[in-house]
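Enquirer: To start, I am sharing the structure in question, which I have written as structure tokens.
Each value in this text was obtained by applying a stated rule to the coordinates, not by laboratory testing. Computed from a predicted model, the values in this text were never measured in an experiment. In this analysis, Cβ positions are derived from the backbone assuming ideal geometry, glycine residues included, and neighbour counts consider all displayed protein chains.
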Amino acid sequence: MNKNLFHLRNAHAARALNRRDFLYGLGSSIGAVAFSSLLMQEAGEAALSPMNPKVPMLASKAKACIFLMMEGGPSHIDTFDPKPKLNELHLQKFERAGSQFSAMSSGNRYYVRSPFESRQVGESGADMCLPFNHLGEVADEICFYRGCQGESVNHPTAMYHMNTGNRFGGDPAIGAWVTHGLGSINSNLPAFIVLPELAYPQGGASNWSNGFLPAQYQGTPLRSAGSPILDINPPPGVSRYHQRESLDLLESFNQSHLEKHPGHDELSARMDNYELAFRMQMEVPELIDIENEDERTKELYGIGASETDAFGRKCLLARRLVEQGVRFVQIYSGGWDSHDFLERAHGTLIRSIDKPIAGLIKDLKRRGMLEETLIVWCGEFGRTPDNGVREGGVAYGRDHNPDAMAVWMAGGGVRAGHVIGATDELGEKAIDVVHPIKDLHVTLLHLLGLDDNKLTYFHGGRYKQLSQTGGSVIRELIA
């Protein structure tokens, strides 16, 4: 054959080799061996439950977290960060040219002093408003942080940001990330449980979603009225033996379908949830029945008193859940959006949570559980030092303020008995030890033994993490 013709034919063949032919050719090469190895590795990992307990990435004290979410944005100025300067400026006109808050209300704006007196509590001398009567008794167990800043002035986006790290929703909640990193201690209970109010918070169930993580990691809400979980008991005439037979039959159908259509995360999660629900029938009824607690414990949480009963039951249930191995419990208290009638609205809410939260801290400590349980208290943002005119005069309330907010933590290796960071003399902006919410998230993960830079999940073409783009641990908060 002519030498030039031979090279011409080879060149033409090389140009004709498209992507599909190239990949097909790998099937008879060493690429097939590597690809088969990857498939076997994935199959082995899939055989393991994503909820299996995992070794923490870092040395840590905290094994679980109770996250107290005050939906609506509690005022830092009127709770844990008093501003005496506002007493001098009360009802003086205030203009804030070009501020992100200027569009929130029409007309003139005026400084508003706090309706509550404040005092220093504990050996640490932390500031606390008077309505917090019981929490002052455990002030030296608390680390108050005044340097956190958010990015959104709107409730839904701010809630998503605090709960998931993404202002626009759709990403995994903190509890889902923690469960992804640590797994579950008790296979008979969900690892991430949410105790909402009757009305879900702004943004709804996306606040405790699994996002792009496997569906097993989503939060399980317990109802605030009636039976916490519907249909937890089997119907009359159906024994556990009959339930087991039905589940085994359903499992065989689902498994057959899954083998034909691998990679269906939702189907795998549904199969796991059927089994979890079956196991929960044995453990949950006794767990959620707090009436068998002694009267001293129930009184500690304010159970039986009209103002504190509802939130006290949630706090006591949270302790029982953590005691049984639940990794992450989130409790909601709503109604903190006080643009008007600040004294009445905040005063009522503070009284409803004060004794239950103090009781939770005391109860965990006396049981030797506080060091292993991280408690977090926050809202989605703070409040402004001023408010606008409403019908009938000045509204004694405050608008939204992500530049300054109240956050505190207890247990779990935090620097108890300290006040970290500061806001300016009006409480308008954080000025010391200032960090964004993503750094707070990274710190919470760190306290639970997780490294945000390693706790990742491949999705959408890249590895993603709670902090979105990485953050820094707030070292000042850690003991």
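Enquirer: What ³J(HN,Hα) values, in whole Hz, does the Karplus curve 6.51 cos²θ - 1.76 cosθ + 1.60 give for segment 201-212 when θ = phi - 60°, with x put for Gly and Pro?
Expert: x, 4, x, x, 5, 5, 5, 10, 6, 7, x, 8
Enquirer: Another question, if that's okay. From the cross-link list 85/438; 83/298; 314/365, which pairs have alpha carbons spaced over 27 Å apart?
Expert: Beyond 27 Å: 85/438; 83/298.
Enquirer: In addition: Give the long-range amide H neighbours of residue 383: residues separated by 5 or more places, or on another chain, with amide H under 5 Å away, using H modelled in the peptide plane at 1.01 Å from N.
Expert: Here 76, 77, 401 satisfy the definition.
Enquirer: Going highest first, how would you order 135-144, 290-299, 452-461 by mean Cβ packing within 10 Å?
Expert: Highest to lowest by the protection proxy: 135-144, 452-461, 290-299.
Enquirer: If you don't mind, another one. Which far-off residues, 5 or more places away or on another chain, put their amide H under 5 Å from the one on residue 148, with H placed in the peptide plane?
Expert: Result for residue 148 returns 405, 435.
Enquirer: Ordered by residue, what ³J(HN,Hα) values in Hz, to whole numbers, does segment 112-129 give under the Karplus form 6.51 cos²θ - 1.76 cosθ + 1.60, where θ = phi - 60° and Gly and Pro are x?
Expert: 10, 6, 6, x, 10, 6, 10, 8, 8, 10, x, 5, 6, x, 5, 7, 7, 5
Enquirer: Report the full-extension gain for the segment residue 52 to residue 367: residue separation times 0.36 nm, less the Cα-Cα distance, to one decimal in nm.
Expert: 110.8 nm
Enquirer: All other residues with a Cβ under 10 Å from the Cβ of residue 182 taken together, and with Lys, Arg as +1 and Asp, Glu as -1, what is their net charge?
Expert: +3
Enquirer: Pick out, in residue order, every one of the GluC sites (Glu not before Pro) in segment 391-446 that is DSSP loop and has at most 15 other C-beta atoms within 10 Å; say none if there are none.
Expert: The qualifying sites are 391, 425.
Enquirer: Per residue of segment 53-69, what does 6.51 cos²θ - 1.76 cosθ + 1.60 with θ = phi - 60° give for ³J(HN,Hα)? Whole Hz please, x for Gly and Pro, Karplus curve as stated.
Expert: Result, rounded to whole Hz: x, 10, 6, x, 6, 10, 5, 8, 8, 6, 10, 8, 9, 10, 9, 9, 9.
Enquirer: Roughly speaking, what is the stretch gain from residue 297 to residue 119, that is 0.36 nm per residue apart minus the C-alpha to C-alpha distance, in nm to one decimal?
Expert: The residue 297-residue 119 span can extend by a further 61.3 nm.
Enquirer: Here's a follow-up. So what's the net charge close to residue 412: Lys and Arg +1, Asp and Glu -1, counting the other residues with Cβ under 13 Å from its Cβ?
Expert: Every neighbour counted, the sum reads +2.
Enquirer: Segment 159-204: which chymotrypsin sites (Phe, Trp or Tyr not before Pro) are DSSP loop and have at most 16 other beta-carbon atoms within 10 angstrom?
Expert: The qualifying sites are 168.
Enquirer: Residue 331's amide H: which non-local residues (gap 5+, or another chain) put their own amide H closer than 5 Å, with H modeled 1.01 Å from N in plane and none for Pro or chain starts?
Expert: Long-range HN contacts for residue 331: 67, 68, 69, 195.
Enquirer: In debye, nearest 20, what is the charge dipole magnitude of segment 103-211 about its Cα centre with +1 on Lys and Arg Cβ and -1 on Asp and Glu Cβ, if you could check?
Expert: So the magnitude is around 420 debye.
Enquirer: Another question, then. Could you tell me the calculated FRET efficiency between residue 348 and residue 458, based on Cβ-Cβ distance and R0 = 35 angstrom, to the nearest 0.05?
Expert: That gives a FRET efficiency of 0.15.
Enquirer: Separation between the residue 223 and residue 306 pseudo-spin-labels, each 7 Å from Cα along Cα→Cβ, expressed in nm?
Expert: In this crude label model, residue 223 to residue 306 measures out at 2.6 nm.
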